[in-house]
Amino acid sequence: MPLEVTDFWKVIGSSSVQDEISGQLSTMAPDVLTRFVERLREALYRIDRRDLAEVPVVLANGLKFPQTSDHFFHARCACILAGEKTYDEVLSSGVGFDRFVAPFAQEAEGLLYLASEQYERKTASKMNVENHFPIESGSNIQGWAA
């Protein structure tokens, strides 16, 4: 049975603590884990936009600098970890994304590997995911259009 969008957000919204998300993923069948990764890739792709990539990193001392493509990728992961409501607000308006650009967001990248790690534990093989949604920063052509 495919993982519905609402089910994806139930797992994400359950906790921003990646260990707890991993625990929920451990109960899923391999095909559902694959669908989870596909939904995650779609969510990352949808918020891959120039306006969000241009939000500066602001350090505690007030120093500002531009995000790197890796930093922007991690910030997008952190935004997803904040849950569906926050994600939808950022997606629709861009408002609030600045909090995910903070240096702590670098840890959020682990979200990307949780389901595939569970898949490998269950099947002893690598997950094969459809690549309909590239996740590299700058991949969403519409989001980067001038």
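Applied to the stretch 46-55, the Karplus parametrisation 6.51 cos²θ - 1.76 cosθ + 1.60 on θ = phi - 60° returns per-residue 3J(HN,Hα) values of 5, 9, 7, 9, 4, 4, 7, 5, 8, 5 Hz, with x for Gly and Pro. Looking only at Ala29, Ala75, Ala53, which one moves most when the chain is put into a Gaussian network model with springs between Cα atoms under 10 Å? Of Ala29, Ala75, Ala53, the most mobile in the Gaussian network model is Ala29.
Accessible area per residue for the chain is 54 Å², calculated with a 1.4 Å probe on protein heavy atoms, without ligands, DNA or RNA. When His71, His132 are compared by accessible area at a 1.4 angstrom probe, the order from most to least is His132, His71. Label positions at Gln142 and Lys122, each projected 7 Å from the Cα along the C-beta direction, are separated by 3.1 nm.
Short-range pairs are left out: with C-alpha atoms under 8 Å and at least six residues apart, the relative contact order of the chain is 35 percent.
In the stretch 60-141, the inverse of the mean reciprocal separation of distinct Cα atoms equals 14.4 Å; this is its Kirkwood hydrodynamic radius. Quotient of the Cα radius of gyration of the chain and 2.2 N^0.38 Å, N being its number of residues: 1.05.
Here the Gaussian network model covers the chain, with springs between Cα atoms less than 10 Å apart; of Arg41, Arg121, Arg50, Arg121 fluctuates the most. Protein heavy-atom surface of the chain, 1.4 angstrom probe: 52% of the accessible area is carbon and sulfur, with nucleic acids and ligands not counted. Taking all protein chains as shown and a probe of 1.4 angstrom, Leu63 keeps an accessible surface of around 100 Å². Largest GNM mean-square fluctuation among Phe104, Phe73, Phe133, using the chain with Cα springs under 10 Å: Phe104.
The values are calculated or read from the model by the stated rules, or taken from the named source; none is laboratory data. This structure is a prediction, so every number in the text was calculated from the model and none was measured. Counting neighbours? That spans all protein chains shown, and the Cβs are built from the backbone with ideal geometry, glycine included. What goes into the accessible areas is simple: the full protein's heavy atoms, side chains included, and nothing from ligands, DNA or RNA. Shrake-Rupley method; radii C 1.70, N 1.55, O 1.52, S 1.80 Å.
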